[in-house]
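Written out below as structure tokens is the structure these notes cover.
The values are calculated or read from the model by the stated rules, or taken from the named source; none is laboratory data. All values reported here derive from a predicted model rather than from experimental measurement. Backbone-built Cβ (ideal geometry, glycine too); neighbour counts: all protein chains shown.
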């Protein structure tokens with residue numbers, strides 16, 4: 001009986017101890033980083049609000065994409081925006097990992113020597129502007145350099161040449177950034193650990209991404225990254241992980257990261273935009289998609305041990321039976337010879353809500369669109385606008401689901 005208490009207290013201590021993830025110089029261990037990938041909103045009120053959500057989960061760092069195109073449109077305004085982001089984040093307890101270049105959607109023209117002067121101007125301006133900020137954690141030179149059509153769609157006879165061309169680009173900018181800023185750490189965020197070999201001898205930190213779909217493949221990613229870390233005597237991090245559409249759930253990804261004592265950045269903080277369907281922790285209003293994600297961030301994981309799982313029994317005190325009877329009564333209108341009376345929609349919704357609460361609490365219904373969300377939607381409508389037939393059909397379906405899961409066994 002002592003072990004669970006010790007684990008619980010350790011988890012609480014870890015959560016309470018989590019502070020801003022920052023470093024005055026490259027460290028040997030970044031396992032303290034509990035981060036999220038994020039955008040760089042121009043609206044400071046939005047930034048404060050969104051980081052406030054992250055703060056409640058004891059997160060301590062964000063990883064953000066920069067854009068040389070945006071910089072070129074108005075260099076000083078862009079630098080001011082970046083500096084404001086870092087300073088506000090630091091004040092709220094977050095460090096920042098800026099990404100200078102993005103390999104996704106790579107423009108091959110930027111790899112050519114003719115572009116180097118333009119690229120150097122951009123990188124120098126950014127680095128010189130914020131290298132002294134205490135909120136800066138490290139420089140990510142390039143996000144996923146080899147994950148783009150230029151490599152993935154390359155003919156076999158030119159693929160390696162293109163890979164070498166990209167590595168020459170990343171190696172140049174790792175070296176250049178270190179010349180401009182000898183103090184802060186550098187990394188390159190590779191899409192898979194095998195790609196770390198391109199700059200492992202130059203960077204201060206090895207960072208990989210894992211979106212694989214099996215515990216075994218996730219652990220294999222960590223094994224590969226750990227082998228490079230041991231070979232080059234460098235710390236490692238997982239700077240992108242967790243994706244609904246890739247069978248890479250947040251709770252599993254985080255549990256393995258904890259087991260491997262590895263710092264991490266989830267993708268991503270806010271459920272919105274292009275990636276909203278398959279990524280994200282919080283909706284813009286602060287509500288969440290999946291409580292299991294929040295629990296995992298706090299160090300609590302779903303029980304997957306068949307020997308210790310206790311199945312929920314929502315009818316233990318007869319409430320499921322009463323909910324089913326309430327639905328039957330609500331759906332049973334009162335016809336007579338001379339007049340017909342119908343129960344109100346609110347009576348049907350009340351009965352449906354009882355069933356929905358039992359089913360949701362016992363995890364007996366899909367929660368991608370919770371039944372209570374539909375009930376809330378109908379309750380907010382004026383009675384004359386409600387789809388009465390849809391409400392009744394929904395209540396009947398809930399009653400049947402509750403009966404199947406509670407009364408037939």
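Figures for the structure shown
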read-out	value
Selection within the stretch 199-219 - in a helix (DSSP H, G or I), surrounded by fewer than 20 Cβ atoms within 10 Å (Cβ to Cβ) and in contact with a strand residue (DSSP E or B) (Cβ under 9 Å, 6 or more places away or on another chain)	217
Any helices (runs of 4 or more DSSP H) falling wholly within the stretch 1-102 and containing at least 1 residues that are closer than 24 Å to residue 263 by Cβ, modelled with pLDDT under 90 and not assigned by TED's automatic domain parsing to the domain that holds residue 264	2-17
Meets criteria (in the same structural domain as residue 67 (by TED's automatic domain parsing), in a strand (DSSP E or B) and in contact with a helix residue (DSSP H, G or I) (Cβ under 8 Å, 6 or more places away or on another chain)) for residue 145	no
In the stretch 42-63, the residues that are surrounded by 20 or more Cβ atoms within 10 Å (Cβ to Cβ) and in contact with a strand residue (DSSP E or B) (Cβ under 7 Å, 6 or more places away or on another chain)	50, 53, 54, 59, 60, 61, 62, 63
Residue 196, sole failed condition from (1) buried (at least 20 other Cβ atoms within 10 Å of the Cβ); (2) in a loop (DSSP other than H, G, I, E, B)	(2)
The listed residue being in the same structural domain as residue 191 (by TED's automatic domain parsing) and crowded, with 20+ Cβ neighbours inside 10 Å, out of 281, 244, 256, 288	281
Qualifying helices (runs of 4 or more DSSP H) (wholly inside the stretch 245-340; at least 1 residues being touching a strand residue (DSSP E or B) at 6+ places or on another chain (Cβ under 9 Å) and within 25 Å of residue 36 (Cβ to Cβ))	250-259, 291-297
Selection status of residue 159, under 21 Å from residue 26 (Cα atoms), assigned to a helix (DSSP H, G or I) and over 23 Å from the mean Cα position of the chain (by Cα)	no
Residue check for residue 224: out of contact with any helix residue (DSSP H, G or I) (no Cβ under 9 Å at 6 or more places or on another chain) and assigned to a helix (DSSP H, G or I)	no
Hey, residue 106 assigned to a loop (DSSP other than H, G, I, E, B), assigned by TED's automatic domain parsing to the domain that holds residue 270 and surrounded by 17 or more Cβ atoms within 10 Å (Cβ to Cβ) or not	yes
Meets criteria (at pLDDT 95 or above and touching a helix residue (DSSP H, G or I) at 6+ places or on another chain (Cβ under 7 Å)) for residue 271	no
The lone exception for residue 132 - which of (1) over 29 Å from residue 241 (Cβ atoms); (2) in contact with a helix residue (DSSP H, G or I) (Cβ under 9 Å, 6 or more places away or on another chain); (3) free of Cβ contacts under 8 Å to residues at least 40 places away in the same chain it fails	(2)
Residue list for the stretch 145-157, filter: surrounded by 12 or more Cβ atoms within 10 Å (Cβ to Cβ) and either free of Cβ contacts under 8 Å to residues at least 12 places away in the same chain or farther than 20 Å from residue 197 by Cβ (or both)	154
Verdict on residue 96 being within 24 Å of the chain's Cα centre (by Cα) and surrounded by fewer than 22 Cβ atoms within 10 Å (Cβ to Cβ)	no
